[in-house]
Amino acid sequence: DGSFATLPRVGVKKAQSILNHLEARFSQADRMPIGKALPIAEQVISALYEAAPEVRRLTIAGSVRRWRDTAGDIDILGVADDPESVTAAFSALPMVVDILGQGRTKASVIVTGGAQVDLRVSDERHFGALLLYFSGSKQHGISLRARAQKIGLSLNEYGLTEKKSGELTPYDTEAAVYRALNLPYIPPELREDLGEIVAAESGNLPDLVELSQISGDLHVHSDWSDGRVPMEEMVHEAALRGLEYVALTDHSSGRGIANGLSVERLTAHNEQVLEVERAAGGIRVFKGTEVDIRADGTLDYTDEVLAELDIVIASVHSGMSQESDVMTARIIKAIENPHVTAIGHLTTRFVLERPPVAADFDAIFRAAASNGTLMEINASPKRMDLKDSHIRQARELGVRFLINTDAHNPGNLDQLRYGVGNARRGWAERRDVLNTLPLAEFERFLDTPKPERASFITEQTVTA
């Protein structure tokens, strides 16, 4: 009713910000972030393989398989000759705290932590149609069924039925179902009824980026700021994961709460990076920073200081309630800085917790494309920032990306898969993601003066 805003030191703007946060939470109160859902799904699958050795295949379906940033529940599909034994073993798993239902071919349970997990078990010959049906999305399925009807078929989780004869044809793979509908295989991440069927018909499906194609991680923190371990350990762990290059991007001075680096500490940080690279051997370690974009669009460090670095990730960490036009100008000013490599976690959102900032993203993406400034796809599952819709919008405007973990400990380095999944939902291809480049090519990009990087990126797009 507005009375909260009248309290001391609150005001209308702060009250509205709190209300926005509450509305964001309540609007999706029945959903969980993928960072919670995917590990639970993997734990359940691992436990069920051990408890039911007769099961031949277990696969994640639903929103989690499509790499949506949230999921209502977790869908798992299996193949077994004796489905009932598998559903019984599933319901008896140690992490199950409540059984919602159990039958011969399906069961639903609540596991520790409150997530609902649904299991369906079929024979091999129906598995492709079952997986397609339960992977969704709902609208993609509706469009496929409409397509089937036009050619005299009916599509469900068992296969395709010919309307005239009533004969059912089962399919053991999703690709076989798509072929029967005169379509190429459509990756799960694209199945949102956002033009993927038309693209498939015309042979214009994107060749989506893959996790194995990522060559480097350009946003990594150490205990110099708010990371948990020394930079030597982070670099060692990055090398163990097969990366060719990594950037140590500890926070700038404005992030006092994150032990941000003064100019003097940054100089020492740069020297330490060189020592770590020499000691590590075999992996390129870039000098970097995650520099704060201040409220007026200036950066924590001067251009002279930034010029000493290889990688500059510029991010908003405060003043998130600014009006859209102010926030837009603030970010574009950072984009135009000649030393900024990429804008980090652009919208500042936390999945299901903090809504995105208000800004003219179309104007921001156009500025990024014309200046050769990359946009980060932050792989932290609590961020998933850029959102999939923003990735697609930016891509269509000529923006190119970095997929980074924003790692604060070695385990965070494994979160690249979330960023890749999100990039795929945004229709991103390998050529769109600059840290898929081998080291020599990526260094050539960095050596290109900022105003010319836009044309460099275009050349890569054409030749990739």
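Only residues in region 118-130 that are touching a residue at least 12 places away in the same chain (Cβ under 8 Å) and closer than 12 Å to Leu160 by Cα count as the first member; pair them with residues that are among the charged types (D, E, K, R) and in a strand (DSSP E or B), Cβ under 8 angstrom, at least 6 apart or cross-chain, and list the lot.
Going by the 8 Å Cβ cut-off, the qualifying pairs are Leu130/Arg120.
In region 85-121, how many residues are over 23 Å from Glu157 (Cα atoms) and aliphatic (A, V, I, L, M)?
Going through region 85-121 one residue at a time, the tally reaches 10.
Yes or no: Ala268 on the phi < 0 side of the Ramachandran plot, in a helix (DSSP H, G or I), in contact with a Leu (Cβ under 6 Å, 6 or more places away or on another chain) and aliphatic (A, V, I, L, M)?
Answer is no for this residue.
Tally the residues that are without any contact (Cβ under 8 Å) to a residue 60 or more places away in the chain and of a type in the set (D, E, K, R), restricting the search to region 43-62.
Qualifying residue count, region 43-62: 2.
Restricting to region 39-69, name every residue that is under 28 Å from Asp385 (Cβ atoms), assigned to a helix (DSSP H, G or I) and in contact with a Pro (Cβ under 8 Å, 6 or more places away or on another chain).
Scanning region 39-69 gives a single hit, Arg65.
Among Leu160, Leu132, Leu181, Leu153, which is the only one that is surrounded by 15 or more Cβ atoms within 10 Å (Cβ to Cβ), among the aliphatic types (A, V, I, L, M) and within 23 Å of the chain's Cα centre (by Cα)?
Going through Leu160, Leu132, Leu181, Leu153 in turn, the sole match is Leu132.
Just checking, which of Ile110, Ile142 is within 20 Å of Ser63 (Cβ to Cβ), hydrophobic (A, V, I, L, M, F, W, C) and open to solvent by less than 40 Å² (accessible area, probe 1.4 Å)?
The conditions single out Ile110.
I need the helices (runs of 4 or more DSSP H) fully contained in region 304-410, keeping only those with at least 3 residues that are within 24 Å of Asn20 (Cα to Cα) and β-branched (Val, Ile, Thr).
Helices (runs of 4 or more DSSP H) meeting the threshold: 324-335.
Considering region 1-21 alone, what residues qualify as being open to solvent by 80 Å² or more (accessible area, probe 1.4 Å) and either under 30 Å from Asp75 (Cα atoms) or modelled with pLDDT under 90 (or both)?
If the condition is that a residue be open to solvent by 80 Å² or more (accessible area, probe 1.4 Å) and either under 30 Å from Asp75 (Cα atoms) or modelled with pLDDT under 90 (or both), then Asp1, Arg9, Val12, Lys13, Lys14, Gln16 are the ones that fit.
Of the residues that sit in region 70-88 and are among the charged types (D, E, K, R) and assigned to a loop (DSSP other than H, G, I, E, B), which one is nearest to Glu189 (Cα to Cα)?
Restricting to residues being among the charged types (D, E, K, R) and assigned to a loop (DSSP other than H, G, I, E, B), the top hit is Asp73.
Since Gly282 meets every condition but one in (1) out of contact with any Lys or Arg (no Cβ under 7 Å at 6 or more places or on another chain); (2) modelled with pLDDT under 95; (3) farther than 30 Å from Leu439 by Cβ, which condition does it not meet?
(3)
Checking the condition modelled with pLDDT under 95, under 11 Å from Arg400 (Cβ atoms) and not β-branched (Val, Ile, Thr), which residue from Arg431, Arg453 passes?
It is Arg453.
Cβ contacts < 6 Å: first residue among the small types (Gly, Ala, Ser), restricted to region 324-342; second residue open to solvent by 40 Å² or more (accessible area, probe 1.4 Å), any location; separation 6+ or different chain. Result?
Note: pairs meeting the criteria are Ser324/Ala358.
Being open to solvent by 70 Å² or more (accessible area, probe 1.4 Å), more than 24 Å from Ala129 (Cβ to Cβ) and of a type in the set (A, V, I, L, M), is that true of even one residue in region 26-48?
Looking for residues that are open to solvent by 70 Å² or more (accessible area, probe 1.4 Å), more than 24 Å from Ala129 (Cβ to Cβ) and of a type in the set (A, V, I, L, M), one finds at least one in region 26-48, hence yes.
Quick check on Ala295: is it among the small types (Gly, Ala, Ser), part of a helix (DSSP H, G or I) and open to solvent by 10 Å² or more (accessible area, probe 1.4 Å)?
No.
Would you point out which residue out of His408, His390 is within 30 Å of Gly242 (Cβ to Cβ), in contact (Cβ under 8 Å) with a residue 40 or more places away in the chain and out of contact with any Phe, Trp or Tyr (no Cβ under 9 Å at 6 or more places or on another chain)?
Result: His408 is the single residue among His408, His390 that is within 30 Å of Gly242 (Cβ to Cβ), in contact (Cβ under 8 Å) with a residue 40 or more places away in the chain and out of contact with any Phe, Trp or Tyr (no Cβ under 9 Å at 6 or more places or on another chain).
Do you know which of the residues in region 340-356 that are buried (at least 20 other Cβ atoms within 10 Å of the Cβ) and in contact with a helix residue (DSSP H, G or I) (Cβ under 9 Å, 6 or more places away or on another chain) is farthest from Leu386 (Cα to Cα)?
In this case the residue turns out to be Val340.
Exactly one condition in (1) modelled with pLDDT of 95 or more; (2) touching a Pro at 6+ places or on another chain (Cβ under 7 Å) is not met by Ala24; state its number.
Of the numbered conditions (1) modelled with pLDDT of 95 or more; (2) touching a Pro at 6+ places or on another chain (Cβ under 7 Å), the odd one out for Ala24 is (1).
Could you please let me know if Ser212 is crowded, with 23+ Cβ neighbours inside 10 Å and out of contact with any Ser or Thr (no Cβ under 7 Å at 6 or more places or on another chain)?
Criteria not met by Ser212.
Residue-by-condition table, conditions (1) in contact (Cβ under 8 Å) with a residue 60 or more places away in the chain; (2) open to solvent by 50 Å² or more (accessible area, probe 1.4 Å); (3) among the basic types (Lys, Arg); (4) more than 21 Å from His317 (Cβ to Cβ):
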| residue | (1), (2), (3), (4) |
| --- | --- |
| Thr249 | yes, no, no, no |
| Gly256 | no, yes, no, no |
| Glu264 | no, yes, no, yes |
| Thr267 | no, yes, no, yes |
| Asn270 | no, no, no, yes |
| Ile283 | no, no, no, yes |
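For residues that are among the acidic types (Asp, Glu) and open to solvent by 20 Å² or more (accessible area, probe 1.4 Å), scanning just region 403-458, find the one that is nearest to His221 (Cα to Cα).
Checking each candidate, the answer is Asp414.
The values are calculated or read from the model by the stated rules, or taken from the named source; none is laboratory data. Computed from a prediction, not measured in an experiment: that's the story for all the values here. Cβ coordinates were reconstructed from backbone atoms using ideal geometry, including for glycine residues, and neighbour counts include every protein chain displayed. All accessible areas refer to the heavy atoms of the entire protein, side chains included, with ligands and DNA or RNA removed. Shrake-Rupley method; radii C 1.70, N 1.55, O 1.52, S 1.80 Å.
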